[in-house]
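The values are calculated or read from the model by the stated rules, or taken from the named source; none is laboratory data. Everything numeric in this text was worked out from a predicted model, so none of it was measured. Quick reminder, even Gly has a Cβ in these numbers, built from the backbone with ideal geometry, and neighbours come from all protein chains shown. When the accessible area is computed, the model is the full protein with side chains, heavy atoms only, and any ligands, DNA or RNA have been set aside. Shrake-Rupley method; radii C 1.70, N 1.55, O 1.52, S 1.80 Å.
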Amino acid sequence: MGLPFKIIKIQGRSMEPSLKEGQFVLIRKTKKAKLGDILVFRDPEYERRILVKRVQALSKEGYFVVGDNISESRDSRKFGTVYFDRVIGKVIMKF
Amino acid sequence: MNPVTKILNLIDKFVNFDIAEAHCDVPCGIYDPHQMQVDAHTIIRMIQLMQNLDKENPEYMQTYARYVAVKEHHAENLKREVRVLWGDYFKPQHQEQFPELTELVWDIMRTASQARQHVDMEAAKNLLEKVQRLAEIFFETKGKSYAKLPAPYPTGETIVVQTN
């Protein structure tokens, strides 16, 4: 709905140790993120899946994102830039 | 678990918060409990071959050493297979459904080390029995039926396979 915030549950381990499996986070809905922000976005390869990764580089078109647990992450190294229209928001609080 | 997470978990049961996936490498969803059973069978078979090896055979040392190397390789491989199932496939809800799961995995790891370090048929058979239990749990969580059948290997042991 129109709320600018959203609670999301984390599944998987590619963002460990920052985010753990089963953890909840509060995200702010926005397309703007800085380097180092944790971004929540639609999987560029599968519309219905939501992913969470960290912004490693910015470009005019979008973000290059990488998982913190770098050896166990499927991220921009595989699917390339996450375009702005795919971005849902960024993590502003972890519970 | 902190109190906020507990409350959010409770709310989650009613409202189902969206899930953001932080999955590892390619989330292919392909897991199988077959290979760890093959590894356990190989360990048993290597011990059988060691026990039956003729000490007068001029190649005794080389052959025995090769059996040891193969046995240890498969014990390590088994541990790897179990680690992947445990870390990537099994989830907290499976643990709730099968409270023995954690203890079973630890047990397998310890028994696999024992089977690797020693020429111990009891440990090897024990290991096969435990990985078969893990295979049964795997098929249960998948909602698949399974059976323990005589394996098509010279070990004379069984194997747990999917039947539907």
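For the reader, a short list of remarks on this structure follows.
- Yes/no for residue B:15 being within 14 Å of chain A (Cβ to nearest Cβ) and either more than 30 Å from the chain's Cα centre (by Cα) or open to solvent by 40 Å² or more (accessible area, probe 1.4 Å) (or both): yes
- Just one of the listed residues (A:42, A:13) is touching a residue at least 40 places away in the same chain (Cβ under 8 Å), surrounded by 16 or more Cβ atoms within 10 Å (Cβ to Cβ) and not in a strand (DSSP E or B), and it is A:13.
- Count of the range A:16-39 residues which are part of a strand (DSSP E or B) and within 9 Å of chain B (Cβ to nearest Cβ): 3
- Hey, residue A:78 in a loop (DSSP other than H, G, I, E, B), open to solvent by 40 Å² or more (accessible area, probe 1.4 Å) and free of Cβ contacts under 8 Å to residues at least 60 places away in the same chain or not: no
- Note on the range B:64-82: residues that are touching a helix residue (DSSP H, G or I) at 6+ places or on another chain (Cβ under 8 Å) and farther than 14 Å from residue B:42 by Cα amount to 3.
- Residue match in the range B:39-51 (condition: surrounded by 13 or more Cβ atoms within 10 Å (Cβ to Cβ), among the polar types (S, T, N, Q) and modelled with pLDDT of 95 or more): yes
- For the range B:140-164, a tally of residues being under 16 Å from residue B:86 (Cβ atoms) and in contact with a Phe, Trp or Tyr (Cβ under 8 Å, 6 or more places away or on another chain) returns 2.
- Number of positions in the range B:149-164 that are within 14 Å of residue B:38 (Cα to Cα) and either free of Cβ contacts under 8 Å to residues at least 12 places away in the same chain or surrounded by 13 or more Cβ atoms within 10 Å (Cβ to Cβ) (or both): 11
- All positions within the range B:33-71 that are small (Gly, Ala, Ser) and over 21 Å from residue B:153 (Cβ atoms): B:65
- Filter result (more than 10 Å from chain B (Cβ to nearest Cβ) and within 19 Å of residue A:94 (Cβ to Cβ)) within the range A:57-82: A:65, A:66
Listed here are the residues, each with its yes/no results for (1) in contact with a Cys (Cβ under 8 Å, 6 or more places away or on another chain); (2) more than 18 Å from residue B:141 (Cβ to Cβ); (3) assigned to a helix (DSSP H, G or I).
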residue: B:32; (1), (2), (3): no, no, no
residue: B:47; (1), (2), (3): no, yes, yes
residue: B:51; (1), (2), (3): no, yes, yes
residue: B:62; (1), (2), (3): no, yes, yes
residue: B:74; (1), (2), (3): no, yes, yes
residue: B:87; (1), (2), (3): no, no, yes
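- Residue match in the range A:46-54 (condition: within 14 Å of another protein chain (Cβ to nearest Cβ), assigned to a loop (DSSP other than H, G, I, E, B) and open to solvent by 50 Å² or more (accessible area, probe 1.4 Å)): no
- Selection within the range B:93-135 - open to solvent by less than 30 Å² (accessible area, probe 1.4 Å) and over 21 Å from residue B:45 (Cβ atoms): B:94, B:98, B:101, B:104, B:105
- Enumeration of residues in the range A:16-35 that are closer than 19 Å to residue A:84 by Cβ, open to solvent by less than 30 Å² (accessible area, probe 1.4 Å) and without any contact (Cβ under 8 Å) to a residue 60 or more places away in the chain: A:33
- Meets criteria (of a type in the set (D, E, K, R), at the interface with chain B (Cβ under 8 Å from one of its Cβ atoms), within 29 Å of residue B:6 (Cβ to Cβ) and not in a loop (DSSP other than H, G, I, E, B)) for residue A:90: no
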